[in-house]
1. Mind running the shape call on the chain? Use the C-alpha gyration tensor, a ≥ b ≥ c as the square roots of the eigenvalues: rounded below 1.5 for a/c, prolate if a/b tops b/c, oblate otherwise.
2. Restricting to Cα pairs below 8 Å that are 6+ residues apart, what does the relative contact order work out to for the chain? Please round to a whole percent.
3. Given the options Ser47, Ser208, Ser184, state which has the largest fluctuation in a GNM of the chain using a 10 Å cut-off (strictly under) for Cα springs.
4. With angles folded into 0 to 90 degrees, how steeply does helix 113-122 sit against the dominant principal axis of the chain? Use alpha carbons for both and round to 10.
5. Can you find, among Leu29, Leu48, Phe8, the residue sitting farthest towards the positive end of the charge dipole of region 1-50, where Lys and Arg contribute +1 and Asp and Glu -1 at Cβ?
6. Keeping every protein chain present and rolling a 1.4 Å probe, give me the accessible area per residue for region 5-48 in Å².
7. Could you list the residues of region 191-235 with an amide nitrogen less than 20 Å from a label point located 7 Å from the Cα of Ala103 in the Cα-to-C-beta direction?
8. Counting only heavy atoms of the protein chains, get the accessible area per residue of region 192-246 (1.4 Å probe) and round it to a whole Å² value.
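The values are calculated or read from the model by the stated rules, or taken from the named source; none is laboratory data. Please read these numbers as outputs of a predicted model, since none were measured by experiment. Here the Cβ positions follow ideal geometry from the backbone for every residue, glycine too, while neighbour counts run over all protein chains shown. For accessibility, only protein heavy atoms count, side chains too; no ligands or nucleic acids. Shrake-Rupley method; radii C 1.70, N 1.55, O 1.52, S 1.80 Å.
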Amino acid sequence: MEEAREPFAVVTVVRTVKPSSAIVGAKALVTAAGEMIGFVGGQCIQSLVISQALTCIENGTSQLVLITSDSSQLRSTDGITVLPMTCHSEGTVELFIEPKLPAPVLLVIGHSPIADSLQKIAVHLDFQVKSVALDHASSDGADNLSRFTETIRAHLSPGAYVVVASMGLYDTESLRALQGFSLSYVGLVTSPRRREAVLADLQNQGVSEAFCSFLSAPAGLDLGAVDPAEIAVTILAEIIESRRKKQTLSHLTPPVTENKSRREVIDPICRMVVDLNTTLHKAEYQGKEYGFCCPHCRQEFLKHPETYACTVEV
């Protein structure tokens with residue numbers, strides 16, 4: 001999954017209290033589609049673990065999760081999410097969930113000393129650095145530009161960071177090629193005076209006001225940088241600020257793939273999230289199907305279904 005640049009989460013059992021089928025040190029992977037690979041506990045906690053793992057993938061943060069039947073511990077504490085154990089065998093399982101997200105793409109457009117410095121420094125900052133440049137000396141200029149914009153789009157991915165450092169050679173064409181993508185940052189290496197001319201050109205060509213407002217031009221924090229390496233550092237500093245504050249053109253966290261095979265409902269007895277398509281414990285009442293985490297919850301429901309018939313899909 002790392003080679004395919006797909007986000008996932010690693011779930012590790014860090015503590016158990018008997019009776020529990022989980023083993024300390026056991027691991028499982030949870031994909032962005034909600035599939036669990038591995039074993040960290042019984043079927044009754046699987047949906048809970050998957051739900052927490054997907055939240056970690058979406059937020060990009062690690063989490064300690066305590067699943068327990070001990071009522072004295074059912075109060076969340078700092079840094080720990082506490083959930084009720086619904087397995088009939090009871091017990092306690094403590095898990096550490098760590099999201100594994102692909103390094104974001106940093107696309108540098110143009111061939112210039114600043115572009116070169118950006119590429120050299122950015123590799124040390126957990127970015128997948130890509131670069132594209134156009135040979136402006138080519139004779140078939142129009143066709144070359146068309147192919148070049150297609151190349152730019154081919155290198156983009158959701159949430160990418162982009163710096164245009166073509167030094168005025170094909171700034172507008174490069175920026176127009178970025179339209180329609182969910183990007184985390186777009187910066188243009190230019191002067192404050194030329195910035196106005198570029199923005200006017202973009203607006204005349206139908207580029208949206210939202211995109212023009214999102215564009216950072218001149219790119220980089222104002223630190224008084226002079227030489228290309230210093231300017232590259234200010235641009236990367238601005239990118240880091242944008243990354244950590246999650247400022248995006250179209251707000252996008254690391255992509256969580258919608259899993260169309262899951263149909264999540266709430267167990268009407270224990271209120272746990274259950275996948276109705278995969279759970280082995282189901283019951284029908286008044287033409288509606290209900291899902292349960294374990295046989296015990298199903299049996300309780302069947303005793304007085306009219307009392308609990310209030311389940312809702314997530």
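1. prolate
2. On the way: 616 pairs, mean separation 48.6, N = 314.
It rounds to 15 percent for the chain.
3. The residue with the greatest mean-square fluctuation here is Ser208.
4. So the helix axis and the longest Cα principal axis differ by about 20 degrees.
5. My answer, from the dipole projection, is Leu48.
6. Per-residue accessible area for region 5-48 comes out at 46 Å².
7. Label zone hits: 232-235.
8. Per-residue accessible area for region 192-246 comes out at 58 Å².
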